[in-house]
1. In this structure, is A:Phe57 among the aromatic types (Phe, Trp, Tyr), open to solvent by 40 Å² or more (accessible area, probe 1.4 Å) and free of Cβ contacts under 8 Å to residues at least 24 places away in the same chain?
2. Can you pull out every residue in the stretch B:279-304 that is more than 7 Å from every other protein chain (Cβ to nearest Cβ), farther than 13 Å from B:Val327 by Cα and open to solvent by 30 Å² or more (accessible area, probe 1.4 Å)?
3. State which residue is most open to solvent (accessible area, probe 1.4 Å) when the search covers only the stretch B:217-226 and only residues that are out of contact with any Pro (no Cβ under 7 Å at 6 or more places or on another chain) and touching a residue at least 12 places away in the same chain (Cβ under 8 Å).
4. Within the stretch B:212-244, track down each residue that is in a loop (DSSP other than H, G, I, E, B) and of a type in the set (A, V, I, L, M).
5. Looking at the stretch A:138-154, I want the residues that are more than 19 Å from A:Pro168 (Cβ to Cβ) and have a partner that is basic (Lys, Arg) and open to solvent by 50 Å² or more (accessible area, probe 1.4 Å) with Cβ atoms under 7 Å, at least 6 apart or on another chain. Which pairs are those?
6. Of the residues in the stretch A:117-137, how many are β-branched (Val, Ile, Thr) and free of Cβ contacts under 8 Å to residues at least 12 places away in the same chain?
7. Has the stretch B:159-173 got any residue that is in contact with a Gly (Cβ under 9 Å, 6 or more places away or on another chain), polar (S, T, N, Q) and either at pLDDT 85 or above or surrounded by 14 or more Cβ atoms within 10 Å (Cβ to Cβ) (or both)?
8. Please tell me if A:Tyr128 is open to solvent by less than 70 Å² (accessible area, probe 1.4 Å) and within 12 Å of another protein chain (Cβ to nearest Cβ).
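The values are calculated or read from the model by the stated rules, or taken from the named source; none is laboratory data. Everything numeric here is computed off the predicted structure, so don't read it as measured data. Reconstructed Cβ throughout: ideal geometry from the backbone, glycine too, with neighbour counts over all protein chains shown. Note: areas computed on protein heavy atoms with side chains; ligands, DNA, RNA excluded. Shrake-Rupley method; radii C 1.70, N 1.55, O 1.52, S 1.80 Å.
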Amino acid sequence: MTTSKKTIIISVAIVASLTFYFTLSVFYLPDFYQSLKTPIPIPFLSEVKISESMIHFGNSFDIEITATNTGDTADHQTVSVAFLNLTQTEGFVQITKYNFPQSPFLIQVGDEINYDYASSEDTITAPYPAIEAYGRPWESNVTYHLGLKVTPEELGTFVFYVKSVGQPHTDDLSHFPSDGLIDYQREFVKVYSVNVTEP
Amino acid sequence: MRSRTSDTSNSAEKSTQTTLDEEKYRHSKLKFKIGCILISLGVLLTSSSAGWDITNHLINKPETFFSTPHLLLYTGVVVATLGSVIMFVSKRSFANQGKFKLPMRLVIIGILMVVIAGPFDYNWHVAFGLDGLLSPSHLILTFGLFLASIGALSGLVFARNFSPLLTSQKRENQIEQEGKPKQSVVLLGMDNLLSVIGILPLWITATGLLYMFSLPFSDTQSFDFNPDPTFAAIFATIGLPLLLSTILYLSYGLNYRFGILSITGAAFLLISILTTMIPNESLVPTISFYFLSIIPFVVADTILSYSKTKSLQYVAGGILGSCSFMVYYPFITYVYNGVFTHDVVFPSLIALVYSELMISSYSLLVGPLIVSGILGVILGRYIISHSKILEQKIE
């Protein structure tokens, strides 16, 4: 084979290979990647047990939460309990038990956190404290438990919100509850309360 | 008669001495090369495990220092340290000569940094909890690995090309001058493959250094070392294709053989698949497409092997640069997401966000990527010519 023929063959092969590669990478693959199944985690709080509906000031009550992911495996699923009448958790909220794969963490007043089911990287400032237990990942049909002991800071109605959010949040099924009150994070919550009376 | 006997005896003694010296030299050289290989393999294991560790943090958020990737990472450190000891032992008779001091020094400084970084990293975990990608201990570790990998690679290359006793062999072993094939066919297999083993850890550790200043994985409870998203995107757009192109040009330029660039590139893709894609099951369907990036590697390899003209070498660099957006998948998604898509990139959504970036941003990025790829070839040519000057000084 002459050198010029060889050069032509190699050049054609190179152009064909690169055309194939870039066409596939730039035009076909994005469509293919977007057609891949996006997981839909479905969080479910099967039980939120409160030990007392009324307590004397200075006493504590227990909260026990059982949470399951009934959908696809979540990259990250949270169970959060927010305390509207507290200014801080230290000395007022104690984690008595949990079996989540990671340690629960505290959200303090003033912390910057995601909102609107983490639909963007934007954050919002927390106006009240919360405890967030989470699984990363949270496998399908796996159940975790969280136990808290809470001591209200003042007399009156002690209110707390409970919710669970699965991520990626690609469907309305990926949050629990699916309706009701909306908190400052623009997310649905279940509202619970305990009456705190004079001793 | 007596004189002739004496001459013959002297000649025989000299011959025996030369044989002994050659034997000793060969033995030292072998030990030196084994040391370099162990360092390269150790650094390769460490840096690959670090990639797996990043993925593990993304998926599982481990809360303990004692994880499987960390175990492998420090196993690699042990192997590299062992290699540096072997390299040091062979130093007196072999590595102490001329420019062999340079690889030795790089390895010693690099391994010392790596060894110091281990307990520093552990104490950092104890003091500040979970650390991010960029932390002082990680920076020392990665830079130490980078130096050690340069030392090991240059040691392997110098050992291949330098032979003070076996001058005839030296001539055979010399790397080919541009456009003048001189290479020994016998040496092609093992020594060329050794250069792949030497180059891969350098590529991966240098990538790690670039990732430290471009990936948003360094915001922790105690410190926020995350780079500014715009800076990160610019830094990655220049740095990643430049590195890819330089490294692959070096893999070609240290051997001047078709196939070595492709093997180096394929090995990088394979390591990336093993450490960043297989652990994240949502990325598994994308593996076969990811491996298609072997195509531009083979094309660049063909161009470089077939033509020695500068302009075609730059074309090869441009091709390599343009495919860096695909080669550095999946982590590159996080870099450009900070500027273009602004999504929260959960591990199961990486492919989706990457595809959005490909549609919206690749056309904007491809120009700078090509330019950086060309600059990579220029840098690679400079390094090769500079290393040849070093070799000439050794002679």
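1. When the stated conditions are applied, A:Phe57 does not pass them.
2. Correct list: B:Pro279, B:Glu281, B:Ser282, B:Val284, B:Val298.
3. Of everything passing the filter in the stretch B:217-226, B:Gln221 is most open to solvent (accessible area, probe 1.4 Å).
4. To start, the set of residues in the stretch B:212-244 that are in a loop (DSSP other than H, G, I, E, B) comprises B:213-218, B:220-223, B:225-228.
Answer for the stretch B:212-244, where residues must be in a loop (DSSP other than H, G, I, E, B) and of a type in the set (A, V, I, L, M): just B:Leu215.
5. A:His145/A:Lys97; A:Gly147/A:Lys97
6. The qualifying residues number 1.
7. No, the stretch B:159-173 has no match at all.
8. So A:Tyr128 fails the test.
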